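Undergrad: What follows is a single structure, and I will ask about it in a moment.
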Amino acid sequence: MYGNNIGNQGYNAYGFGNFGAQRSHNLFECYYGDSSTSSVTDDKSKATWENDNYEIEFTESQSSMKITNKHTGEIYRVYSDPYIGLGDKDEGGAIHHKGEFKNDSVLILDDGTRIHMDTKPKGSQTFLDTVTIFEPNKNKATQITNLLSNENDLEIKDGTIGEFHDKTGVDYDTAVRFKEAWGEEEGLYVMKHDGSFHQIKMDGTAADNKAIIAEIEQKLKDAGYPGAAGIWGSMDPAQCPQFCDWINNNWWDQICHMFGNQAGVGSFQPMPSWPMPGQNMMEQMFMQMMMQYCMQNMPMPRHQDFQPGDLWALAGGAHMYMGVQDKMQNMSGGMGQFPMMNQCFNK
């Protein structure tokens, strides 16, 4: 979502360069405290890394990493294929999805700690597999491997920076680069293609999503997909990213079921006598799953009114949502309108 073709821009083999360099007024009194500790727990399915300023938790079953700033309570989570999300420990730790990256990544924390994330392909997606944590002020490196194996075989190795600087698996020419914004403003900064930084905040997500949802709903109505429009109009703004993931992974099987063949071939026009021979209604379980991503007490389209074309439109809406999110991450100003949607959902 943030893009990967950033280029080297003066980075050395450590991926350090000037990116995330410590400000002259370091905000952590414990910056020169003890070095980190790390351990593997729960039959090698989980691991932790901790220093005076941060706690990092790794979960193999989710190929995930959660970073908690001990001083601010702010949380940064990398998970799935992979997404990056922000949260606050003082607000229950709920994670707000902010975007995704497809290649490797480097995250610079405020105390100087560098986290190098190596992703690996699995099917058509990429997932976090190896994390190498550098502590420059301690000349220490810690590497956590096998996050993607799902075989309860997490492993931790440590040594000097020199021993690990060329063993991270990270491609620094394409890695997305983040730095922590603590002490200045909340959230993270991500480096854009031109070398400038885009701030990623925790707030604003719901408002942004509501505007995108309204735009998608209207486009679907105008194009004649009332079932899909009804679902998008009932969408919980906080659940949009999860819904897009779910519909992208499940719509094809359902469209084949509704069209009555494994090629997903059928009429896309509203059908006066539904269902037509050889075609089926949407499965009740599929409808119930969709409703989990919608707000309670919102009007929902009737199960029997859902047509196969609505499935295509739901997936198209998810594609547009992700496209607009991508566009927003590269805009320096406000959200504005979404001209790219004007080309969508036209029959």
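Undergrad: Step through the table entries K98/K179; K140/K167; K138/K167; K201/K221, compare each Cα-Cα distance with 22 Å, and write down the pairs that go over it.
TA: From the list (K98/K179; K140/K167; K138/K167; K201/K221), the Cα-Cα distance tops 22 Å for K201/K221.
Undergrad: Another question about this same structure. Whole angstrom only: what separates the Cα centroid of the range 92-109 from the Cα centroid of the range 115-129?
TA: 13
Undergrad: Moving to a separate point now. Can you give the FRET efficiency to the nearest 0.05 for T160 and W246, using r as the Cβ-Cβ distance and R₀ = 35 Å?
TA: Numbers: r = 44 Å, r/R0 = 1.26.
Step by step, r from the Cβ atoms, then E = 0.20.
Undergrad: May I pose another question? Give me the one-decimal nm value for the distance between modelled label points at D42 and M291, 7 Å along each residue's Cα-to-Cβ direction.
TA: 3.1
Undergrad: How much net charge surrounds I144 when only the other residues with a Cβ under 12 Å from the Cβ of I144 are counted, with Lys and Arg +1 and Asp and Glu -1? Walk me through the numbers before you get to the answer.
TA: On the way: positive: K44, K46, K157; negative: E57, E60, D118, D129, D153, E155, D158.
Combined, the nearby Lys, Arg, Asp and Glu give -4.
Undergrad: In addition: Quickly work out the D153-to-K192 label distance, labels modelled 7 Å from Cα along the C-beta direction, and quote it in nm with one decimal.
TA: Going by the 7 Å Cα→Cβ label model, 4.4 nm.
Undergrad: For the modelled label position 7 Å from the Cα of K120 along Cα-to-Cβ, which residues of the range 51-84 have backbone nitrogen atoms closer than 18 Å?
TA: Once the point is set 7 Å along Cα→Cβ of K120, 58-65, 79-83 turn out to lie under 18 Å by backbone N, inside the range 51-84.
Undergrad: Which of rounded, prolate, oblate describes the range 37-200, given a ≥ b ≥ c as roots of the alpha-carbon gyration tensor eigenvalues and a/c under 1.5 marking rounded, otherwise prolate only if a/b is larger than b/c?
TA: Numbers: a/c = 1.20, a/b = 1.17, b/c = 1.03.
It is rounded, given that a/c, with a ≥ b ≥ c, falls under 1.5.
Undergrad: May I pose another question? Test of understanding: ordering D90, D305 by Cβ neighbours within 10 Å, fewest first, what list do you get? Present the calculation step by step, with values, prior to reporting the outcome.
TA: Details: D90 10, D305 15.
Fewest-to-most ranking of D90, D305: D90, D305.
Undergrad: For S45, S63, what's the fewest-to-most ordering of other Cβ within 10 Å of each Cβ? Please report the intermediate quantities before stating the final value.
TA: Details: S45 16, S63 24.
Least crowded to most crowded, the residues run S45, S63.
Undergrad: How much length is gained on full extension from Q218 to K89, taking 0.36 nm per residue of separation minus their Cα-Cα distance?
TA: Numbers: separation 129, 0.36 × 129 = 46.44 nm, distance 3.66 nm.
Fully extending the segment from Q218 to K89 adds 42.8 nm.
Undergrad: While we're looking at this one, here's another question. Mind giving me the FRET efficiency for M298 and K201? R0 is 22 Å, r the Cβ-Cβ distance, nearest 0.05 is fine. Intermediate results must be reported in sequence, preceding the final value.
TA: Working: r = 27 Å, r/R0 = 1.23.
E between M298 and K201, to the nearest 0.05, is 0.20.
Undergrad: What does the charge add up to near I56, with Lys and Arg as +1, Asp and Glu as -1, over the other residues with Cβ less than 10 Å from its Cβ?
TA: Details: positive: K66; negative: E50, E55, E57.
Residues close to I56 contribute a combined charge of -2.
Undergrad: What is the sum of charges, Lys and Arg at +1 and Asp and Glu at -1, for the other residues whose Cβ falls under 14 Å from the Cβ of S80?
TA: On the way: positive: K66, R77, K98, K102, K120, K122; negative: E60, D81, E100, D129, D245.
So the environment of S80 carries a net charge of +1.
Undergrad: What order do you get for I216, I255 when you list them from fewest to most C-beta neighbours inside 10 Å?
TA: Details: I216 28, I255 22.
Arranged by neighbour count, lowest to highest, I216, I255 become I255, I216.
We did not get these values from a lab; they are worked out from the coordinates using the rules stated. As the structure is a prediction and not an experimental result, all values here were calculated from the model. Here Cβ is always computed from backbone atoms with ideal geometry, including for glycine, and neighbour counts include all displayed protein chains.
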